[in-house]
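Novice: This is the structure, below, for whatever I ask next.
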Amino acid sequence: MKSKIKKRVMGDGAAALLVCGVLLRISRGGIVAVFYFESRVPTSGGPQGKKRIIAMMTGVSGIGVDIVDIRRIRESFSKYGEKFLARVLTEHEIAYCRKKADMMPSVAARFAAKEALSKALGKGISGSFSFGSVEVINDADGRPVFRVLDRTIGLSDRDIRLSLSHDGDYAIAFVHLGRTM
C-alpha cells in the first residue's frame, strides 16, 4: 500500500505535511498542530469535494504507535486464559470483545492501543500507568476512543486521539496526545 505524502513549506519556515488524511504543521520546535480530516464535503467543484476538518489539535505532547502479532495474543490467552484478559482489559472491554466471532483481533487492537498510549506518555507500562488506567470504548459513531479511568495519569478523554486497525495476523494502534480546539 502506497501512502501519499504532500509537503509544503509555510511562510514562517514551518512545514505542513499531509499523511494519510492527517495534516501536521511542523516548526523548529516540533509538531505544533495536527488537523484530522473526516470526509469530503460535496461542492460545485466536482465529485471529489473539499476535505472537512473535524478536529484541530495544538500543543502536541506525545505520539505513540504499537503493532501486535495477534498470534502472540492468542498464545497468551491459550496459556493464561481469563487471567490474561483480566490483566490487560477492563470488564467492559472483555464484554465488547466477546461479542465478536473471533475476539482475539479486538483484544490485540486494545492491547496495542494501551501500549501506544504508554509510549505517547513516555512512561511505558509501569507503576504510574497500567493497563487498567484507561479503556477503549466506541463513541456514538462507532469510533474507538479512550476513557480515562485513572485521572492521576494527567489526561482527560478529550486529550487523546486513537486509531485502531487489524488485518490478518496484526493489529496496530496510533495515539496522539494534545489539546483539542
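Novice: Mind checking the full-extension length gain between I153 and K100? Use 0.36 nm per residue of separation minus the Cα-Cα distance, one decimal, nm.
Specialist: My answer for the length gained is 16.0 nm.
Novice: Next question. Give the long-range amide H neighbours of S61: residues separated by 5 or more places, or on another chain, with amide H under 5 Å away, using H modelled in the peptide plane at 1.01 Å from N.
Specialist: HN-HN under 5 Å from S61: L177, G178.
Novice: Another question about this same structure. Can you give the FRET efficiency for K123 and E82, using 1/(1 + (r/R0)^6), R0 = 35 Å, r = Cβ-Cβ distance, to the nearest 0.05?
Specialist: Here the calculated transfer efficiency is 0.85.
Quick note: the coordinates plus some simple rules give every number you see, no bench work behind them. Note that the structure is predicted; figures quoted are calculated from it, not measured. Note: ideal-geometry Cβ built from the backbone for every residue, glycine included; neighbour counts use all protein chains shown.
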